[in-house]
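Please read the structure below before turning to the comments.
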Amino acid sequence: MKIARLVTGPFEENCYLAVAPDGSAAVVDPGADAPSVLAALRGAGATLRCILLTHGHLDHLSALPALLSAAPGTPVRLAAADAAWCFTRANAFPPYDPVLEPPASLLPVADGDEVAVGETRFRVLATPGHSPGCVCYFAEADGARPPVLFSGDTLFRASIGRTDFPGSSWEDMEASLRRLAALPPETRVLPGHGDPTTVAAERELNPFLAPLLADDAP
């Protein structure tokens with residue numbers, strides 16, 4: 001599977017295009033630049049099969065209407081806890097003011113679900129904290145490719161997602177970070193903002209993980 005990153009919108013949100021060898025593609029967190037996403041799909045000769053949302057904040061999904069206009073009926077996967085509020089005024093913030101309509105093709109994901117993109121299967125990991133319905137998408141190692149984690153706004157390089165928004169929870173975030181820190185150290189972490197990293201690097205250098213891991217040490 002080939003993975004490309006597009007940095008979109010005023011908050012420099014990372015949108016990822018994951019393309020399987022058979023041309024099946026998932027877009028993870030389509031951000032704010034639908035023309036660039038559609039151009040990347042065309043350039044890869046890929047067919048959009050699903051849209052995976054790590055959480056409901058508009059900087060991660062405002063390109064949805066244009067993508068669905070170009071590929072009607074594409075399944076959109078989002079945890080129910082975020083679908084409950086993200087298509088309401090509760091999700092409006094400058095410069096993302098317009099409220100989106102819930103897609104007709106919206107389907108819930110829950111912890112332990114698997115989503116197939118070609119031969120690759122992404123496992124859903126519930127990681128609440130930044131929002132109540134935050135999830136990550138994890139794929140096991142495949143040949144020479146290490147495991148991959150689309151971490152959304154839960155885990156960043158040397159940082160984490162904010163927990164001061166409505167619906168955020170530091171206690172939930174702590175549990176989610178412990179869960180991600182237990183993934184294979186070589187796991188490649190592709191965050192919602194900023195540069196890629198690995199689980200091993202974050203266990204060693206992330207100032208938010210170190211105290212939690214120290215607390216868990218025997």
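The values are calculated or read from the model by the stated rules, or taken from the named source; none is laboratory data. In this text the structure is predicted, and so the values were computed from the model without any measurement. Quick reminder, even Gly has a Cβ in these numbers, built from the backbone with ideal geometry, and neighbours come from all protein chains shown.
Only residues that are under 18 Å from the mean Cα position of the chain (by Cα) and either in a helix (DSSP H, G or I) or not hydrophobic (A, V, I, L, M, F, W, C) (or both) were counted across the range 80-101, and they come to 5. A single entry from 79, 44 fulfils the requirement of being under 30 Å from residue 141 (Cα atoms) and surrounded by 20 or more Cβ atoms within 10 Å (Cβ to Cβ): 79.
Selection of the range 28-41 for residues being buried (at least 19 other Cβ atoms within 10 Å of the Cβ) and closer than 16 Å to residue 12 by Cα yields 28, 29, 30, 31, 32, 33, 34, 37. Counting residues in the range 83-99 that are acidic (Asp, Glu), touching a residue at least 24 places away in the same chain (Cβ under 8 Å) and either surrounded by fewer than 19 Cβ atoms within 10 Å (Cβ to Cβ) or at negative phi (or both) gives zero. Listed by first and then second residue, the pairs linking a residue in the range 108-127 that is within 15 Å of residue 75 (Cα to Cα) and touching a residue at least 60 places away in the same chain (Cβ under 8 Å) to a residue that is of a type in the set (A, V, I, L, M) and in a strand (DSSP E or B), with Cβ atoms under 6 Å apart and 6 or more places separating them unless they lie on different chains, are 117/18; 117/26; 122/115; 122/139. Of all residues assigned to the range 176-192, at least one qualifies as being of a type in the set (Ser, Thr, Tyr), surrounded by 21 or more Cβ atoms within 10 Å (Cβ to Cβ) and farther than 25 Å from residue 49 by Cα. Reported count of residues in the range 47-61, each being part of a loop (DSSP other than H, G, I, E, B) and touching a Leu at 6+ places or on another chain (Cβ under 7 Å), is 3.
Filtering the range 185-201 to residues that are within 24 Å of residue 27 (Cα to Cα) and touching a helix residue (DSSP H, G or I) at 6+ places or on another chain (Cβ under 8 Å) leaves 186, 187, 189, 192, 199.
Taken together, 171, 204 contain a single residue that is over 18 Å from the mean Cα position of the chain (by Cα), outside any loop (DSSP other than H, G, I, E, B) and at pLDDT below 95, which is 204. Of all residues in the range 119-145, those that are in a loop (DSSP other than H, G, I, E, B) and either crowded, with 17+ Cβ neighbours inside 10 Å or β-branched (Val, Ile, Thr) (or both) total 8.
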